[in-house]
1. Considering each of 163, 189 in turn, give the residue that is assigned to a helix (DSSP H, G or I), touching a strand residue (DSSP E or B) at 6+ places or on another chain (Cβ under 6 Å) and on the phi < 0 side of the Ramachandran plot.
2. Give the residue, chosen from 335, 310, that is modelled with pLDDT under 90 and not in a helix (DSSP H, G or I).
3. Is it true that some residue in region 251-263 is in a loop (DSSP other than H, G, I, E, B), under 27 Å from residue 226 (Cα atoms) and touching a helix residue (DSSP H, G or I) at 6+ places or on another chain (Cβ under 6 Å)?
4. Among the numbered criteria (1) at pLDDT 95 or above; (2) surrounded by 17 or more Cβ atoms within 10 Å (Cβ to Cβ), which one does residue 9 miss?
5. Return yes or no: is residue 296 surrounded by 22 or more Cβ atoms within 10 Å (Cβ to Cβ), closer than 23 Å to residue 358 by Cα and more than 19 Å from the chain's Cα centre (by Cα)?
6. Out of all the residues in region 226-268, which are buried (at least 17 other Cβ atoms within 10 Å of the Cβ) and closer than 30 Å to residue 32 by Cα?
7. Could you list, in sequence order, all residues of region 232-260 that are within 27 Å of residue 292 (Cβ to Cβ) and modelled with pLDDT of 95 or more?
8. Is it the case that some residue within region 85-93 is exposed (fewer than 14 other Cβ atoms within 10 Å of the Cβ), farther than 30 Å from residue 305 by Cα and touching a strand residue (DSSP E or B) at 6+ places or on another chain (Cβ under 9 Å)?
C-alpha cells in the first residue's frame, strides 16, 4: 500500500474527440511545474495519477492547486490487493480518527469486478459503523470516503481538494497582456490563463516620469501570474517620447484616448511578432473615462486585432476580491505611478469624437515614434530574481 495523488479532469472532459490533446498538455504542464521533484505520472481518458515520494506530497499539492485544467486533487491509499477484506481495512484505517458523520461512495470503473458499487459502499460503511463511533449521513456528511476500483488497483481517499478548473495553459494559444501596475490587469491575466491561454506581458514605461519602482512592481505582478502561466516573458516598451509628444502638442482632454490608441498600435505589432492571437487588458466598462463604450470604440478603431476584456462586466469589489485570492492586491496598491496615471488631464473626454482624434494625430508623425518604440523593447527574464524580489 502506498500514497498516490489522483487528479480528476475539469471542464476539459467536455472536449470529446479533443480530450486527449488537453490531457497531453495538462500532463506536460504538471511535469514543467513539478520539475524539481522526483515522480512518475500515468494517465488515461478519465484520471491522472502522480506517484511521488511520500515526503514531497504536501509540497506537490501546493503546486497542483495552481495548475489550470485540474478539477479535483486527491491523496489516495493505493493497493493492488482488490479483496473486499483489504478494502475494508484500508477504509477503516482512514476513518478511525474521524468524528461525526460519514458517507462511502464507490466508483467501479472496472465493471468486471464482482462486487457492485452500491454493495461495496454498503459493506464498507457497515464495517466502519461497527468499529467506530461515526454515524452515516448520505446528504451532508462531515467526511466522504471514496473508493475507486480499477483494473490495476483500488484507490481509497477521503474529502477532496478542489482544483482551479479551467483549461490547461497553452491549449488555446497565446495572448499579450497589457500589464500595468494597477489592480485590474493582473486579474484579467489570471482569468485569461484560466481559459487555457498562455500569456506574454507588455508594460509601457515612461522614465524618468515613471520610476524604477513602478517597473519592479510590474515585474513582481508578472511573476505572481507565472505561478499559473507557462514560460511567459515581460516586454517593456519605452513610451516616453510618444507620451511627451502627445502631452506637449495635442488637445490635453484627449491625451488618454490618443495615448491608448498608440499603445494598441504598438501592442498589435508586438503581438503579431510574438505569435499571439489576441491582446488582453483589464478594462471594465465605465470604470474610468477611458473605459466608456464610446472611448473603447475610439481606441479600438486603430486595430482589427482581437481584444479580450475579461473584466468588462465586473464590479471593482469583485476584481479586488480576486486580486487578493491570487496574491496580487498588496503589490498593486503600492504607491508607484505608471504611465497611464502621470499625465491624466483634469477633464478627460468621456465621449471622444473620432474626427477630432484623427485631426490631432495628424499633427505629428507618430509612425516614426512607434517604430522607435517597437525596435527598442527590453525583455525581462521573469525566472531571475532581481531588486524587485522584496516586493513578493
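The values are calculated or read from the model by the stated rules, or taken from the named source; none is laboratory data. Bear in mind the structure is a predicted one, so any value in this text is a computation, not a measurement. Neighbour counts run over all protein chains shown; Cβ positions are idealised from the backbone, glycine included.
1. Criteria check complete, one pass: 189.
2. Details: 310 fails: modelled with pLDDT under 90.
Checking each option against the conditions leaves just 335.
3. no
4. The number of the failed condition is (1).
5. no
6. 226, 228, 229, 230, 232, 234, 235, 236, 237, 267, 268 - these are the residues of region 226-268 that are buried (at least 17 other Cβ atoms within 10 Å of the Cβ) and closer than 30 Å to residue 32 by Cα.
7. 237
8. We begin by selecting, within region 85-93, every residue exposed (fewer than 14 other Cβ atoms within 10 Å of the Cβ); these are 85, 93.
Now restrict to residues that are farther than 30 Å from residue 305 by Cα: 85, 93.
This time we only want the ones that are touching a strand residue (DSSP E or B) at 6+ places or on another chain (Cβ under 9 Å), so: 93.
Yes - at least one qualifying residue is present in region 85-93.
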